[in-house]
Each structure stands twice: as C-alpha cells, then as structure tokens.
Amino acid sequence: MNNYKQLSALITGGASGIGLATAQLLHQRGARVAIVDVQTDQGAAALASLNDTDNRAIFLQANLAIPEEADRVVAKTMSAFGQLNAVVNSAGIQRYGNAEQTSLELWNEVMAVNLTASFLVSRAAIPHLRQHGGGSIVHVGSVQSHVSQRGAMAYVTSKHALLGLTRSMAVDYSAERIRVNCVCPGTVDTPMFRWTMSLDPHPNSVLEACQGMHPIGRIAQPAEVAEVIAFLLSDAASFVTGTAIDVDGGVLALVGGAPTTD
C-alpha cells in the first residue's frame, strides 16, 4: 500500500539500527508502528524519537528468544491497533567462532534470536494478515545470507536459513496475498557494527576495511536499508515475493571482496 496510513507494522529489533530507522520512516509516512525490543531504555528512547502525538506508536519490551513472547507481542499489537498487515523481523545478534569454538549454548542463542524468533513472530502474525486480506513480511538478512566470513559460523548459518524461511513462507502464502521477502544489507553503521569494531584493538581499521570492501566506497546508513523495507511493505512491491534484495553497496558484485581503494 502506497498509502502508508493504512499500514500497521510490528518491527522487531526496533529500538536501534535498521529496525529503528524503519520504524521512524514508516511512522513519518503515517503508519502505525509497534516497536519490539529486549532493551527497555532504548525502546523508550526509540518511541520518544517518533514524536508520536496521535497514538500511532507503541513500544513492547520482549525477549524474543523466549518462544511465548512472539504470541504476546502480536496480541498486544492487535489490541493497540486493531489490525496487523506488516511485519519486519529485524532483531538480530552477532556472535563469533568457528565450529570448534561455537558452544551449543552460543549456537542456540544465535538461532533463537536470528532465526526462530522470525519464524515465531511471523507464524503468530499470519492469521491477522490473512484476516486483513493480505500483507507483507520482511526478514532482515545479510550479505552473509549468500556468502560467509571466517569465524562467524552461527551467525552466517542463521542468515542463510532466513532465505529458506523467506522462500518457503512466500510459496505457502502467496495465494492469500501475503508476500514474504528478505533484505540483505552489506555493512551498516548500526550499534551492532560499532560493537564489532570495538572488539578490534584498532577499531578505525575495521571501519576503513569495511568501507574499502564496498565498491560504493562507504558503509550504509540504516535509513538506506529502511527505504527498501518500506518499498517491500508497499503496494509498489505487489508482484515481489520470495526474493532477497541485496542492499550492499556492490560488495557481492566484487570478486573476492577485494578493497576498492589503495
């Protein structure tokens, strides 16, 4: 729907990064938004940033690693807005380690947040999208939904799996006018990326390396990814389902990810 005033969206991971940028953009265009996040203080700040003067936004604190939380946040969104026709699964965590370094606990933590929560929130939302006559679900993947980096096995696997979830759901629900797509960003200037930088003794070198890997010469801003998500939620994308849109500054087009600058 190009008229975003008809949109009621639930956004997980909505207190920061791509999720927050998406909430801000949709709200600015007239949509109702439910921001879901595990961080209470950040969630309150995110809600305040919307300058919501007509009760079109709520914040719901939830730990989506707990399966029952998905049903609760969907029910709360329905209670607040009376309908739900858009879901953005943006919640995600980054953890590092190869197969030998990845404990079962770490593996389960990453899968719970990055993959299972997207499945559970979508599953809880689908009956309401159906009741509305259709809608759109967008999963936030990564360029690592297609390729890998060293030492991030659980994260890479979870992002690859999101593509399978996207395609399977799109096939199963397209006849009911429920579209399901995935956005796959390159490096984005989010709090999670800044945390990743902080793990290196020379954080600026991490930023410079990431900028050099993208042919466009820089990393993305969250708002740039939010624009693509908003498109996928709109009727302008009415014939787009089961696909992955790379919002990557050209990084996947560059053989070997070689730096583009000296």
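The values are calculated or read from the model by the stated rules, or taken from the named source; none is laboratory data. Worth saying up front: this structure is predicted, and the values here are computed from it rather than measured. Cβ: placed from backbone, ideal geometry, glycine included. Neighbour counts: every protein chain shown.
When residues in segment 13-45 are screened for being buried (at least 24 other Cβ atoms within 10 Å of the Cβ), more than 23 Å from Ala220 (Cα to Cα) and among the charged types (D, E, K, R), 1 of them pass.
Of Phe231, Phe239, Phe193, all but one fail to be within 17 Å of the chain's Cα centre (by Cα) and free of Cβ contacts under 8 Å to residues at least 12 places away in the same chain; the exception is Phe231. The criterion of being in the same structural domain as Val171 (by TED's automatic domain parsing) and hydrophobic (A, V, I, L, M, F, W, C) does not hold for Ala253. Within segment 176-195, not a single residue is in the same structural domain as Val110 (by TED's automatic domain parsing), modelled with pLDDT of 95 or more, surrounded by 20 or more Cβ atoms within 10 Å (Cβ to Cβ) and in a helix (DSSP H, G or I). For segment 150-168, the criterion of being closer than 22 Å to Tyr96 by Cα and among the basic types (Lys, Arg) is satisfied by at least one residue. Residues in segment 76-115 that are of a type in the set (A, V, I, L, M, F, W, C), surrounded by 15 or more Cβ atoms within 10 Å (Cβ to Cβ), over 25 Å from Thr187 (Cβ atoms) and free of Cβ contacts under 8 Å to residues at least 60 places away in the same chain: Met78, Ala80.
Matching residues to (1) within 16 Å of the chain's Cα centre (by Cα); (2) at pLDDT 95 or above; (3) over 28 Å from Arg194 (Cα atoms):
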site: Ala23; (1), (2), (3): yes, yes, no
site: Ala31; (1), (2), (3): no, yes, yes
site: Ile66; (1), (2), (3): no, no, no
site: Ala117; (1), (2), (3): yes, yes, no
